[in-house]
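FYI, it's all coordinate maths here, none of it is from the lab. Model, not experiment: these values are computed from the prediction. Don't worry about glycine lacking a Cβ; one is built from the backbone with ideal geometry, like all the others, and counts go over all protein chains shown.
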Amino acid sequence: MGAGFESLSNSRIGQGIALGVGRALPQKLGHGVVSFAAGRLSSDRDSEMYRAFASNRWVLEGGGMTAEELDSAVRETITTVGTGLFDLYRAMAIGGDWRRHVRLMPLAAEYAAQQAEGGHPYVLVGPHTAGFDIGTRGIALAGLEMQVLSVPDPNGGYEWQNERRAEAGMNVTPISSASMRSALRRLRDGKCIATGLDRPVPGEKHRICMFGREAELPTIHVRLALKARVPVVLLCTLRAPDGIYELHASPPIDMIATDGDDVVVNAERVMKHAEEFLLSAPHQWAMPHVIWPDAVNELPR
């Protein structure tokens, strides 16, 4: 939720607090605390968190919102993201059957089942939603073995997160030349890898169109899929009205050769699937970094 909040939530101290709160508070009370905090956090239009959620939502919605409508949208997003974090850490703290928290939709369940058979390599990729981590953990515990390419140079908090993900069966490797080579070998051996597609990558040479605007977004998933000649599958976790986190999936997206830039063309084909899911639940998009810096200057005051 912006640099300051993300630094705390991704620190060992912040995660220790989150686990303690998740263990101590019943779910209804925890969600109430989240809602109260969201009201306070969404009131500061100059914070990095507000600018990130507001500008990203502004682009997703096609602009046109008043300042009050945008404030309400940001509060809605922060509430949903905070609820997702509380639910994740509460589930980790109290344990139990993860099927109580995560519902695999038909295609996602099919991909998990295929892993038992072997020989079904996919590059799994998805946008950061409020249920991103809880959904990924759910499908891993359902049997989908994967190597997860994560942020390079992780701090102590990220390392702690990665240890918890490993407990669910995920092999988390920060992005590096070595992990990219390992991912490529894994795909060629008939196994899966996973990563995100909406965290900005400053200096990325390819510019990908998302919601009608170009941005510096990841292309690792497409470059690996092109090299290994395997399909990409878009995964997206969305919180259902009953409070269960549903893991949706796209059909396999085969990479195509074009007369232009194969990386850009295929990345934008994958992005279209992500856009469809995010448009169905805009308040659940949880990317805490500004994707379009120029959009910040368009926000109503």
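A compact table of results
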| item | result |
| --- | --- |
| Of the trypsin sites (Lys or Arg not before Pro) in the range 216-295, those whose Cβ has at most 16 other Cβ within 10 Å and which sit in DSSP loop | R229 |
| Antiparallel DSSP beta bridges within the chain, percent to nearest 5 | 35 |
| D261 versus L184: modelled label distance in nm, points set 7 Å from Cα along the beta carbon direction | 2.0 |
| Alpha carbon centroid spacing (whole Å) that separates the range 269-301 from the range 50-72 | 9 |
| Efficiency of FRET from Cβ geometry, V201 and E61, R₀ 25 Å, rounded to 0.05 | 0.60 |
| Stretchable slack from E276 to D97, in nm (0.36 nm times residue separation minus alpha-carbon distance) | 61.4 nm |
| Helix runs (DSSP H) in the chain reaching 27 Å along axis by Cα, Kyte-Doolittle at least 0.0 | 67-94, 262-280 |
| Rounded to the nearest 20 debye, dipole of the chain from Cβ charges on Lys, Arg, Asp, Glu | 800 |
| Dipole axis of the chain (+1 Lys, Arg; -1 Asp, Glu on Cβ), positive-most option in S42, V233, V264 | V233 |
| Estimated FRET transfer efficiency (E69, S176; beta-carbon r; R0 45 Å; 0.05) | 0.60 |
